[in-house]
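Q: Take this structure, written in structure tokens, and hold onto it; I'll ask about it next.
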Amino acid sequence: MNLEMGLFQQQTMKLVMTQQLRQAISLLQYSSLELSEYIEEQALENPLLEVIDSKRDEPIAYDAPVMWQDREDGGGEMRERDSYLEQIKASGEELTTMLFDQLQHQDVSTQVYDQVTYLIYNVDEQGYLRIGDWNGASEVGMSETDYANALYILQGFEPVGIGARSLAESLLLQLQSLPEEHALAEVIVEHHLQTFAEKKWKRLSEELGVTLQELQSVQDCISSLKPWPAQGVGGESPKFISPDVYVEWQDGRWAVQLNDESLPRIRMNKQYRNLLEKKNQSDQEAVEYAHQKYKQLVWLLKSIDQRQQTVRLVTEAIVDFQQEFLSSGNLKPMTLRDVAERADVHESTVSRTTTAKYMQTPKGCFELKAFFSKGLANTGGDETSSTVLKQAIRQWINEEDKMKPLSDQKITDRFHTEQGVKVSRRAVAKYRDELKIPASSKRKRFA
């Protein structure tokens, strides 16, 4: 074996991850919103790229080498279909403003006003006071008596429970504001909330000398309260999902239509176009810069066009596989490989394409990844989707006798006898947890 060092020439083939290729891969997994933001960023960096207002009625003449086709059929309908989202406005008042409005009507001294103001600024979005005790307020010169007085004023504001320092205190404030007296509920919330939440009611009934039926009434009362004092007040503006594709029944088949309206319109800036066509090379540096940015623009347009075509290709494969779901609501088990084989692409491409993408169907708006699920064999030799099993679990639990709730083993037996599906008790427990449904012992009612 020759272990000598030396210089040799050798031809090899390898895939190099260029910057353009990385860009194309990144665009593929961007959502429509992320892609729009990316295009806006590129417009700031590339003077040749011009973003056009897609809402204006005048026709768009594209100067770019890769045309962003404007659909004539259905384009106006698409804008009309999405326009209602623009008319919806965020509801609810800002919590801080709401609290200050109430403070304005309090007949208090300037010092007390400043102290309550300090507490208001320390109320989080959920309505809880982040200063748990007087020690936190002592940093600004508040005495223990001042803190208690300011806290009393704050907790008298709407919504009820505002300024609470814990869940128990918030629930207690809400109970005390009710017109009826709930003495047992107040005792449980103040001293036994953790034990009560863990459904250790038999031990609690013996300790308090009450019946299970009375504890059930307490649970019904507490369930009507808000876990967060500021629930439904203020918060961020609602974010709406814009579908990437629409699926509609046309001419006897399911047709896939891209929602190009959700993306900004792009064209090349005419002033820089004249610079590219300029024969006089007096300013060579400016011409080279323009040509460089022109290549970036061409590649961006090609990458966007490729992204849209890949989204269409993968979506058509999903629709072709899930036609039974679109018609009758029966979701078939489907994997990345199933779609990759139909679309003739790699599984990683399917995974990137279905990330943060949504499809509007007659059954509703679904994330593309929601159509993927593993299957379990049944006695008929077919497979049943895990999504279908979750729907059955949710339906059976909603219809169950709450005084005799279904255990995981009973649900397992029911799958075997009624649907012929072989599913383990552990799998049922896993699906139930994913649905955020508590165990049968936590769902049981005593009245």
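Q: Using only C-alpha atoms and all pairs of different ones, pull out the Kirkwood radius for the stretch 137-273 in Å with one decimal.
A: 20.5
Q: Please list 3J(HN,Hα) in residue order for the stretch 246-252, calculated via the Karplus relation 6.51 cos²θ - 1.76 cosθ + 1.60 where θ = phi - 60°; whole Hz, with x for glycine and proline.
A: My calculation for the stretch 246-252 gives 10, 10, 9, 7, 9, 6, x Hz in order.
Q: Roughly how many percent of the accessible protein surface of the stretch 332-447 is carbon and sulfur, given a 1.4 Å probe and a whole-percent answer?
A: The value for the stretch 332-447 is 47 percent carbon and sulfur by accessible area.
Q: Among rounded, prolate and oblate, which fits the stretch 199-358 when a ≥ b ≥ c are the square roots of the eigenvalues of its C-alpha gyration tensor, a/c under 1.5 means rounded, and a/b larger than b/c means prolate?
A: The shape class here is prolate.
Q: Per-residue HN-Hα couplings for the stretch 352-366, Karplus 6.51 cos²θ - 1.76 cosθ + 1.60 at θ = phi - 60°, whole Hz, x for Gly and Pro?
A: For the stretch 352-366, the Karplus-derived couplings read 5, 5, 8, 6, 6, 10, 10, 10, 8, 10, x, 8, x, 9, 10 Hz, x marking Gly and Pro.
Q: So with the 1.4 Å probe, I'd like the accessible area per residue for the stretch 355-447, rounded to whole Å².
A: 58
Q: Taking every Cα atom in the chain, find the radius of gyration and the maximum pairwise distance Dmax, and write them in Å.
A: So, for the chain, Rg and Dmax equal 31.2, 98 Å respectively.
Q: Ignoring ligands and nucleic acids, what accessible area does THR335 show with a 1.4 Å probe (Å², nearest 10)?
A: Per-residue accessible area (THR335): approximately 60 Å².
Q: Would you calculate the separation in nanometres between label points at ALA439 and ASN122, each defined as 7 Å from the Cα along the Cα-to-beta-carbon direction?
A: Rounded to a tenth, the inter-label distance reads 4.0 nm.
Q: Ordered by residue, what ³J(HN,Hα) values in Hz, to whole numbers, does the stretch 423-439 give under the Karplus form 6.51 cos²θ - 1.76 cosθ + 1.60, where θ = phi - 60° and Gly and Pro are x?
A: Going residue by residue, I get 9, 7, 5, 5, 5, 4, 5, 5, 5, 5, 5, 5, 7, 6, 9, x, 5 Hz, with x marking Gly and Pro.
Q: For ILE266, enumerate residues with amide H under 5 Å from its amide H, sequence gap 5+ or separate chain, H modeled in the peptide plane.
A: Correct list: ILE52.
Q: Charges at C-beta only: +1 for Lys and Arg, -1 for Asp and Glu. How large is the resulting dipole of the chain about its Cα centre, in Debye rounded to 20?
A: Computed charge dipole of the chain: roughly 2080 debye.
The values are calculated or read from the model by the stated rules, or taken from the named source; none is laboratory data. The shown structure was predicted, so the numbers you read here are calculated from the model rather than taken from an experiment. As a convention, Cβ positions derive from the backbone with ideal geometry for all residues, glycine included, and neighbour counts pool all protein chains shown. For accessibility, only protein heavy atoms count, side chains too; no ligands or nucleic acids. Shrake-Rupley method; radii C 1.70, N 1.55, O 1.52, S 1.80 Å.
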